[in-house]
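A short worksheet on the structure shown next.
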Amino acid sequence: MTSVSFAGPGDEPIVLDVATPVAQVRVPTTRRYLMCPPAYFTVEYVINPWMDPTEPIDTALAMAQWTALKETYERLGHHVSVIDPQPGLPDMVFSANSGTVIEGRVLGSRFRAPQRAAEAEHFRRWFLANGYGRVVMPERTNEAEGDFTWTGKYLLAGTGFRTDPLAHSEAQEALGVPVISLQLTDPRYYHLDVALFVLADDLIAYYPEAFSTGSREVLRRLFPDAVIATAEDAACLGLNAVSDGRHVVLPVEATSLADEVARRGFEPVFVDVSELRKSGGGPKCCSMELRD
Ligand code: ARG
């Protein structure tokens, strides 16, 4: 029990119990996501340490898990647009890698792996067909929301495995937002969105061990109240989560992360993404946010 004491009128101090502060009320805002059904999902090449082509993939199960994720967003009141999947592009389900949309401005993507390169053009066409007038395609390797996280104030930008650091200044120029570069150092956490996510304005959760010493200092400076994830939370890709300001959609295995966000007043919403994780993905990878 927490207590405070004051000097009393006599010799005895006055001791008062202070109730545990009530967690802040978290208010959701309606979001729009662009998702791509995993109709052609499989693991047939290796571009991150999670992928093992000898492990069997159940595409029907991946589809069921993806559908449950989409229905979770809809149940929470969000809008989901769907892009057509393409044969031969098994990672197209990870739509977050194909565009960064802030205030209606779109920065497309340019993949590092040749196996994924063709995805960028399908998404570029989707943006043009769906009324986005300001679409810029990057010159430098840029895996979009895989490495770019918009906090509402800054664009946190990862590099080290995929996105070229020169794509960070390109993003700042194309989107007109302040970019903060962060260095990723652990190949299991090859994208920023498997090491960090935004819970609410000015509040993030992250796994410090995924970042260089200097980047950890930057994160500590900018977000002193951040939720710090455990190694177990990170290892189930628990940080590949999606918050609407109140509800936090995250993998069912991320139990201590869920407890911690609940203590901060958020509502954890669990999803099973076991099949998609075999490719190194989770809920956030499957959900590009359309900030119109
Ligand atoms: N197999 C995909 C790749 O390595 C997974 C991408 C997951 N997406 C993400 N936003 N982390 O490119």
**Complete:** Taking segment 242-257 and keeping residues in a loop (DSSP other than H, G, I, E, B) and surrounded by fewer than 17 Cβ atoms within 10 Å (Cβ to Cβ) leaves 252
**Prompt:** Can you pull out the residues in segment 138-154 that are of a type in the set (S, T, N, Q), surrounded by fewer than 24 Cβ atoms within 10 Å (Cβ to Cβ) and over 12 Å from residue 178 (Cα atoms)?
**Reply:** 141
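Would you confirm, using the coordinates I've provided, whether residue 227 is in contact (Cβ under 8 Å) with a residue 60 or more places away in the chain, more than 16 Å from the ligand (Cβ to nearest atom) and open to solvent by less than 10 Å² (accessible area, probe 1.4 Å)?
no
Do you know which residues across segment 115-147 are among the aliphatic types (A, V, I, L, M) and more than 12 Å from the ligand (Cβ to nearest atom)?
Result: 118, 120, 128, 129, 135, 136, 137.
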**Prompt:** For segment 230-265, which residues satisfy the criterion of being in contact (Cβ under 8 Å) with a residue 24 or more places away in the chain and polar (S, T, N, Q)?
**Reply:** 230, 240, 243, 256
**Fill in**
Scanning segment 32-66 for residues that are under 25 Å from residue 127 (Cα atoms) and open to solvent by less than 50 Å² (accessible area, probe 1.4 Å) gives 33, 34, 35, 36, 37, 38, 39, 41, 66
**Asked** Any idea which residue in segment 64-86 is nearest to residue 292 (Cα to Cα), counting only those that are part of a loop (DSSP other than H, G, I, E, B) and hydrophobic (A, V, I, L, M, F, W, C)?
**Response** 83
**Message:** Under 7 Å between Cβ atoms, which residue pairs at least 6 apart in sequence (or on different chains) link something in segment 268-281 that is aliphatic (A, V, I, L, M) with a partner that is surrounded by fewer than 19 Cβ atoms within 10 Å (Cβ to Cβ)?
**Reply:** 269/72; 271/68; 271/72; 271/252
**Prompt:** If you scan segment 230-241, which residues turn out to be open to solvent by 10 Å² or more (accessible area, probe 1.4 Å) and either within 18 Å of residue 267 (Cα to Cα) or small (Gly, Ala, Ser) (or both)?
**Reply:** 231, 235
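Can you name the residue in segment 108-136 that is touching a helix residue (DSSP H, G or I) at 6+ places or on another chain (Cβ under 7 Å) and charged (D, E, K, R) and, of all such residues, is farthest from residue 92 (Cα to Cα)?
Selected residue: 110.
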**Request:** Taking residue 212 as meeting all but one of (1) more than 16 Å from residue 96 (Cβ to Cβ); (2) open to solvent by 20 Å² or more (accessible area, probe 1.4 Å); (3) in contact (Cβ under 8 Å) with a residue 60 or more places away in the chain, write down the number of the exception.
**Result:** (3)
**Prompt:** With respect to residue 219, is the statement that it is assigned to a helix (DSSP H, G or I), crowded, with 17+ Cβ neighbours inside 10 Å and touching a residue at least 12 places away in the same chain (Cβ under 8 Å) true?
**Reply:** yes
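The values are calculated or read from the model by the stated rules, or taken from the named source; none is laboratory data. Everything numeric here is computed off the predicted structure, so don't read it as measured data. Backbone-built Cβ (ideal geometry, glycine too); neighbour counts: all protein chains shown. Heavy atoms of the whole protein, side chains included, go into the accessibility calculation; ligands, DNA and RNA do not. Shrake-Rupley method; radii C 1.70, N 1.55, O 1.52, S 1.80 Å.
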